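One structure is given here, and the rest of the page talks about it.
The values are calculated or read from the model by the stated rules, or taken from the named source; none is laboratory data. Keep in mind that what you see is a predicted model, and the values were worked out from it rather than measured. Glycine gets a Cβ as well: all are built from the backbone with ideal geometry, and neighbour counts include every protein chain shown. Remember, those area values only see protein heavy atoms, side chains included, never the ligands or the DNA or RNA. Shrake-Rupley method; radii C 1.70, N 1.55, O 1.52, S 1.80 Å.
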Amino acid sequence: MARFHEYQVVGRKLASEQDPTPKLYRMRIFAPNDVVAKSRFWYFLAKLRKVKKTAGEIVSVNEIFEKRPEQIKNFGIWLRYDSRSGTHNMYKEYRGMSRVEAVTTCYQDMAARHRARFGSVQIIRVAEVAVADVRRQYIKQLLTPKLSFPLPHRLQRVAKKHRALFQAKRPSTFY
């Protein structure tokens with residue numbers, strides 16, 4: 001089970017006499033649950049528009065599921081993160097079965113390489129990248145046709161009748 005889920009959160013400013021039909025805002029947010037997704041929605045909306053949680057309402061929260069979860073895809077992730085020295089923009093590529101899996105890997109990668117926690121990473125955009133448009137070498141090396149991984153130093157299986165519980169010598173693992 002993935003740590004994150006993808007949510008579509010739709011919200012707006014509360015209706016008033018000056019603005020009886022306020023504009024709707026929709027965001028796709030990656031979060032562990034819908035409560036955190038709503039919280040992140042208000043966090044981003046307060047940064048982008050002059051709307052606060054106290055003067056707004058959530059219209060709907062829907063979980064988005066992957067269309068083809070059994071097929072491996074390449075994903076490009078545009079993100080912004082706060083480090084100890086400042087704010088940085090970044091583009092990273094991942095291979096995964098779903099957008100959620102790619103974003104989960106991205107959060108793990110950002111924590112490992114840059115010590116950036118969940119709260120300091122802002123996912124701007126996640127897009128599926130075609131094979132011809134892949135930029136990063138660490139993803140390109142996995143796209144070669146007839147990719148094979150050698151299996152060196154394998155242990156040969158001995159027939160059941162010749163198998164012993166203890167051996168006097170170490171096994172030979174090379175061919």
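Out of (1) open to solvent by 60 Å² or more (accessible area, probe 1.4 Å); (2) part of a loop (DSSP other than H, G, I, E, B); (3) under 26 Å from W42 (Cα atoms), what's the single condition that is false for N89?
It fails just one condition, (2).
I need the full set of residues from the range 8-33 which are over 21 Å from L79 (Cα atoms) and open to solvent by 40 Å² or more (accessible area, probe 1.4 Å), in order please.
R12, K13, L14, A15, S16, E17, Q18, D19, P20, T21, K23, L24 - these are the residues of the range 8-33 that are over 21 Å from L79 (Cα atoms) and open to solvent by 40 Å² or more (accessible area, probe 1.4 Å).
Take the conditions touching a residue at least 12 places away in the same chain (Cβ under 8 Å) and of a type in the set (D, E) and apply them to E17. Does it pass?
no
Got at least one residue in the range 94-116 being among the charged types (D, E, K, R), open to solvent by 60 Å² or more (accessible area, probe 1.4 Å) and assigned to a helix (DSSP H, G or I)?
Yes - at least one qualifying residue is present in the range 94-116.
State the number of residues belonging to the range 1-41 that are under 22 Å from R99 (Cα atoms) and either in a loop (DSSP other than H, G, I, E, B) or under 22 Å from the mean Cα position of the chain (by Cα) (or both).
Residues flagged as under 22 Å from R99 (Cα atoms) and either in a loop (DSSP other than H, G, I, E, B) or under 22 Å from the mean Cα position of the chain (by Cα) (or both) within the range 1-41 amount to 26.
Table: residues versus (1) in contact with a Gly (Cβ under 8 Å, 6 or more places away or on another chain); (2) touching a residue at least 12 places away in the same chain (Cβ under 8 Å); (3) within 23 Å of V9 (Cβ to Cβ); (4) not basic (K, R).
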{"position": "S85", "(1), (2), (3), (4)": "no, no, no, yes"}
{"position": "R95", "(1), (2), (3), (4)": "no, yes, no, no"}
{"position": "V100", "(1), (2), (3), (4)": "no, yes, yes, yes"}
{"position": "D109", "(1), (2), (3), (4)": "no, yes, no, yes"}
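Which residues, taken from the range 139-175, are assigned to a helix (DSSP H, G or I), surrounded by 10 or more Cβ atoms within 10 Å (Cβ to Cβ) and without any contact (Cβ under 8 Å) to a residue 24 or more places away in the chain?
Across the range 139-175, the qualifying residue is only K140.
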